[in-house]
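**Student:** Below is the structure I would like to discuss, written out as structure tokens.
The values are calculated or read from the model by the stated rules, or taken from the named source; none is laboratory data. What you see is a predicted model, and the numbers here were worked out from it, not measured in a lab. A quick note on method: Cβ atoms are made from the backbone with ideal geometry, for glycine too, and the neighbour counts reach across all protein chains shown.
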Amino acid sequence: MTKINARTLEKMLYAIEEIIGANENEFTTQFQKLKQHSQGIPSIIFNEFVKVTRILAEPPGPKLGHFIVITGIDKSGKETQAFDLKNKLAGLSLYDYLVARSYKVMKLVLPSYQTTLGSLIASYLGKGDFPINIIGDLPEDIAWVLWSLDRGQHNKNVENWLKNSPGNIVLSKRWTETNIAYQKPLGISEKRILRFERNIVKADCTIVLDVPFELIFRRMEDSEEIPDKYETPEFLSKVLEIYKNLEKYYDIGKVIHIDGSGSFEEVNTRLIKAISRIESIKSLEITS
């Protein structure tokens, strides 16, 4: 297992935020600044930090395809509705629906825990056995950057996919909006997050599954998964309020709210009905 001291990681994350915030495009300068904080950071992690910092310093190019995000609080059913990886749906997942309409769809599931950067998130949340372990407490004021870096490592692939064809779609479970929903209750300004992620590809449409907290709580009780750092009723109730009012904090693309209560099949029917009303995927004319 690879270990990293929380204090060492904290200094590096602040350095990365400073570099991105300063909008420095000269990579040699960026590298030297990161190198100053590299002592104690395993090379496998440092190399990823360098790579993603370079990506985040470069504005993305124009896109032809479209970027759809499905999001919501933990246990809202977004992964099931997007991809149905555990075969819970009687109907079509959003991915299968789009493929059936002859679109080429790239899947993304975030956080990407199986990557080096995603493992840092897993360790911070206390999700169990992953290849990287953070030793000590990483302050909330800077921990949010881990999610931005995880997203950043996929940015070039997303950009390249979307620039090739109007028929290409990226379908992602979570994107920038999730960082806002989960970090704002901890006192992190959405403006700070959006500035850091300004060069990350923007979603054209964000679908929010709005689920009553009582249902979320029942699903948490029924789940065999061990709750992570954020999965407490008190905290998630605050996150839920941000999601309900996401447009106030996240003015990017079109935000669509779908009633996520009821069975998976009932929610699936609402979601597919909303998506089927697209008059043109190019303009993302979706109504709920």
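**Student:** Give the range 192-205 a look and list any residue that's among the β-branched types (V, I, T) and under 16 Å from Y182 (Cα atoms), or say none.
**Tutor:** Looking only at the range 192-205, we keep the residues that are among the β-branched types (V, I, T), and these are 193, 200-201.
Result: I193, single match.
**Student:** State yes or no: is Q30 assigned to a helix (DSSP H, G or I) and either not aliphatic (A, V, I, L, M) or not assigned by TED's automatic domain parsing to the domain that holds V145 (or both)? I'd like the intermediate steps shown before the answer.
**Tutor:** Values: assigned to a helix (DSSP H, G or I): yes; either not aliphatic (A, V, I, L, M) or not assigned by TED's automatic domain parsing to the domain that holds V145 (or both): yes.
Judged against the criteria, Q30 is a match.
**Student:** Then there's this: From the set of residues in the range 1-18 that are in a strand (DSSP E or B) and more than 11 Å from L120 (Cβ to Cβ), which is modelled with the lowest pLDDT? Before you say what the answer is, go through the steps one by one.
**Tutor:** Narrowing the range 1-18 to residues in a strand (DSSP E or B): 2-5.
Among the residues that remain, those that are also more than 11 Å from L120 (Cβ to Cβ) are: 3, 5.
Details: K3: 94, N5: 97.
Taking the candidates together, the pick is K3.
**Student:** Within the set of pairs 6+ apart or on separate chains, which have a first residue in the range 30-51 that is farther than 12 Å from L13 by Cα, a second that is surrounded by 13 or more Cβ atoms within 10 Å (Cβ to Cβ) and among the acidic types (D, E), and C-beta atoms under 9 Å apart?
**Tutor:** Once the first residue is farther than 12 Å from L13 by Cα and sits in the range 30-51, its partners that are surrounded by 13 or more Cβ atoms within 10 Å (Cβ to Cβ) and among the acidic types (D, E) give Q30/E24.
**Student:** If you check I275 against the conditions, is it part of a helix (DSSP H, G or I), under 24 Å from K88 (Cα atoms), among the aliphatic types (A, V, I, L, M) and touching a helix residue (DSSP H, G or I) at 6+ places or on another chain (Cβ under 7 Å)? Full working, then the answer.
**Tutor:** On the way: part of a helix (DSSP H, G or I): yes; under 24 Å from K88 (Cα atoms): yes; among the aliphatic types (A, V, I, L, M): yes; touching a helix residue (DSSP H, G or I) at 6+ places or on another chain (Cβ under 7 Å): yes.
Yes.
**Student:** Hey, another quick one. So which of D96, D74 ends up being among the acidic types (D, E) and within 18 Å of the chain's Cα centre (by Cα)?
**Tutor:** Values: D96 fails: within 18 Å of the chain's Cα centre (by Cα).
Of D96, D74, the one residue that is among the acidic types (D, E) and within 18 Å of the chain's Cα centre (by Cα) is D74.
**Student:** For the range 173-212, what are the residues that are on the phi > 0 side of the Ramachandran plot and surrounded by 17 or more Cβ atoms within 10 Å (Cβ to Cβ)? Give the derivation first.
**Tutor:** Of the range 173-212, the ones on the phi > 0 side of the Ramachandran plot are 174, 187.
R174, the sole residue that qualifies.
**Student:** Let me ask you something else. What number of residues in the range 99-126 are closer than 30 Å to E10 by Cβ, within 17 Å of the chain's Cα centre (by Cα) and not aromatic (F, W, Y)?
**Tutor:** 16
**Student:** A further question follows. I'm told F46 meets every condition in (1) assigned by TED's automatic domain parsing to the domain that holds L271; (2) buried (at least 18 other Cβ atoms within 10 Å of the Cβ) except one. Can you identify the failing condition by its number?
**Tutor:** Tallying (1) assigned by TED's automatic domain parsing to the domain that holds L271; (2) buried (at least 18 other Cβ atoms within 10 Å of the Cβ), F46 fails exactly one: (1).
**Student:** Select from the range 33-76 the residues that are in a loop (DSSP other than H, G, I, E, B) and of a type in the set (S, T, N, Q) and list them in ascending order. Break it down stepwise before answering.
**Tutor:** Filtering the range 33-76 for residues in a loop (DSSP other than H, G, I, E, B) gives 36-42, 57-65, 72-76.
Within the range 33-76, Q36, S38, Q39, S76 meet the criteria.
**Student:** Keeping to the range 200-222, report how many residues are assigned to a loop (DSSP other than H, G, I, E, B) and under 16 Å from S263 (Cα atoms).
**Tutor:** The first filter runs over the range 200-222 and keeps only residues assigned to a loop (DSSP other than H, G, I, E, B), leaving 200-204, 211-212.
Retained after the next criterion (residues that are under 16 Å from S263 (Cα atoms)): 211-212.
Count: 2.
**Student:** Next question, about the same structure. Can you name the residue in the range 214-254 that is among the β-branched types (V, I, T) and surrounded by 13 or more Cβ atoms within 10 Å (Cβ to Cβ) and is also farthest from T176 (Cα to Cα) among such residues?
**Tutor:** I216
**Student:** From K86, K35, which residue is at pLDDT below 95 and assigned by TED's automatic domain parsing to the domain that holds I193? Walk me through how you get there before you give the answer.
**Tutor:** On the way: K35 fails: assigned by TED's automatic domain parsing to the domain that holds I193.
So the residue among K86, K35 that is at pLDDT below 95 and assigned by TED's automatic domain parsing to the domain that holds I193 is K86.
**Student:** From the list G128, G118, exactly one residue is outside the structural domain of V208 (by TED's automatic domain parsing) and part of a helix (DSSP H, G or I). Which is it? Full working, then the answer.
**Tutor:** On the way: G128 fails: part of a helix (DSSP H, G or I).
Of the residues listed, the single one that is outside the structural domain of V208 (by TED's automatic domain parsing) and part of a helix (DSSP H, G or I) is G118.
**Student:** From the residues in the range 29-53 that are under 19 Å from the mean Cα position of the chain (by Cα) and of a type outside the set (D, E), which one is nearest to F196 (Cα to Cα)?
**Tutor:** Here is the first cut: in the range 29-53, the ones under 19 Å from the mean Cα position of the chain (by Cα) are 48-49, 51-53.
Among the residues that remain, those that are also of a type outside the set (D, E) are: 49, 51-53.
Values: F49: 14, K51: 16, V52: 12, T53: 10 Å.
This residue is T53.
**Student:** Right, here's the next one. Among the residues of the range 152-174, which ones are part of a helix (DSSP H, G or I), out of contact with any helix residue (DSSP H, G or I) (no Cβ under 7 Å at 6 or more places or on another chain) and either of a type outside the set (D, E) or without any contact (Cβ under 8 Å) to a residue 60 or more places away in the chain (or both)?
**Tutor:** Just the residues of the range 152-174 that are part of a helix (DSSP H, G or I), to begin with: 152, 155-164.
Still in the list and also out of contact with any helix residue (DSSP H, G or I) (no Cβ under 7 Å at 6 or more places or on another chain): 157-164.
Once the filter is applied, which keeps residues that are part of a helix (DSSP H, G or I), out of contact with any helix residue (DSSP H, G or I) (no Cβ under 7 Å at 6 or more places or on another chain) and either of a type outside the set (D, E) or without any contact (Cβ under 8 Å) to a residue 60 or more places away in the chain (or both), the range 152-174 yields N157, V158, N160, W161, L162, K163, N164.
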